[in-house]
Amino acid sequence: QVQLVESGGGLVQSGGSLRLSCAASGSIFSIDVMGWYRQVPGKERELVATITKDGTTNAADSVKGRFTISRNDAKNTVSLQMNGLKPEDTAVYYCNARKAYPWMNSWGRGAQVTVSS
């Protein structure tokens, strides 16, 4: 298991930018997929973006062209650069680490992102 701690959340106006960071307690080199998810109270947690061990990225259609995920294995961190933020992006953002063998699925506590109009 790896412990994850998010940082960089906050309040920003529509059209602004924020950069979220996720610090892992150990090496993420062997973790298959790192990702960011978000959740609004009363709604199901949804995928924002993922990045695999080999660097392949994927993002939800709602954030493509605006959000970019990256990982820094040397520093054991994964980041989410969020540009052109919209009020619809307001949510708690969670960092996730997933590995198949041996099994592991870890979550951070979450970071609040609020986008005002």
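Just so you know, all these numbers are worked out from the coordinates, no wet-lab data involved. As the structure is a computational prediction, the values presented were derived from the model and not from experiment. Every residue, glycine among them, receives a Cβ derived from its backbone with ideal geometry; neighbour counts consider all protein chains shown.
About its Cα centre, how strong a charge dipole does the chain have in debye, to the nearest 20, once Lys and Arg get +1 and Asp and Glu get -1 at the Cβ? Don't skip to the end; give the middle numbers.
Numbers: 13 positive and 9 negative charges, 22 e Å.
In debye, rounded to 20, the chain gives about 100.
Using bins of 10 Å that start at zero, the share of Cα-Cα pairs per bin across the chain amounts to 15, 50, 29, 6, 0, in whole %.
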